[in-house]
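Reading through the structure tokens given below for one structure.
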């Protein structure tokens, strides 16, 4: 709902859970405060427990998706090298033959799964045809074996694994989206109850009452939104990490800088981005991270957030890094 970020769903609910018993005590014989539908502070506690369980599930599904991305990227990098080796071996052993014309193109690292699947299917077909040549020509390396005693059977195992990894990405992404929708579905009625609670309290206590002054808010934190900092990012071949540089914030309420990363996909995803690191105010040391950059071609999207002591924050423009 407007004004409350998902990361604050539980803490905001806890503010009301702490305030409600004080109201019940103050109401004395006329209390406790009960909202429509016999909704009590205990009911809010029950709803909070269900929300917490769902929020934990969201994090679990995001972690599972990130694990699937890691598995896919490592498998793609290894497969890309095997396709390169295979093409070179066939061109060298069977020049100017139909086999050379049938060779797959090496996919770009971030090519669509369908392109990878076709390339692997073509490689499987050519490899199978060559291994079946009988009798084998003199000097022909039949059956074909790549470096490290890598056989057709091993390739088929890796082909199956990479195809499964692509499927796992689709499955885990859908699971994450469903978990996020269910989290927000649980939060929506809680938000409405918190809003109703505020109106009830405002109507039962006079202006200036301590319970009105301490009534939790549902609006954005007091204060201002900070200006975003400028950022740039590179892959460092020596550190084997992404290096994200950012300018200093001049905001007097600055508390910290947060580096947030989004894995997979084609852009920064605010719903699944994770806090990767933080620096206290005054520290503009570049962030360094290899999270998600597990193989050559792996890509991660980043933002650097300025976080104020009031809780207000502002993210930078998105930058991305591809591991070389």
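Any read-out appearing in this document is the output of simple, stated calculations on the displayed coordinates, not a laboratory observation. Computed from a prediction, not measured in an experiment: that's the story for all the values here. All Cβ positions, glycine included, derive from the backbone under ideal geometry; neighbour counts span all protein chains shown.
Observations on the structure shown:
- Label-point separation, residue 280 to residue 204 (7 Å along Cα→Cβ), nm: 4.3 nm
- Label point 7 Å beyond Cα of residue 248 along Cβ direction - residues of region 261-293 with amide nitrogen under 20 Å: 278-288
- In this structure, residue 81 and residue 42 have a Cβ-Cβ separation that, at R0 = 41 Å, corresponds to a calculated FRET efficiency of about 0.10.
- Model label sites at residue 164 and residue 63, defined 7 Å from Cα along the beta-carbon direction, differ in position by 2.2 nm.
- Theoretical FRET efficiency, 1/(1+(r/R0)^6), r = Cβ-Cβ of residue 30 and residue 182, R0 41 Å, to 0.05: 0.60
- Rounded to the nearest 500, the helix-only mean residue ellipticity at 222 nm of the chain stands at -16500 deg cm²/dmol, with each DSSP H run of n ≥ 4 adding -39,500 (n - 2.57).
- Net lengthening on full extension, residue 310/residue 295 (0.36 nm per residue, minus Cα-Cα): 1.5 nm
- Contact order relative to length of region 231-322, as percent, for alpha carbon pairs under 8 angstrom and 6 or more apart: 34 percent
- Three-way shape label, region 53-176, alpha-carbon gyration tensor, a/c 1.5: prolate
- Prolate/oblate/rounded call for region 8-49, Cα gyration tensor, a/c under 1.5 rounded: oblate
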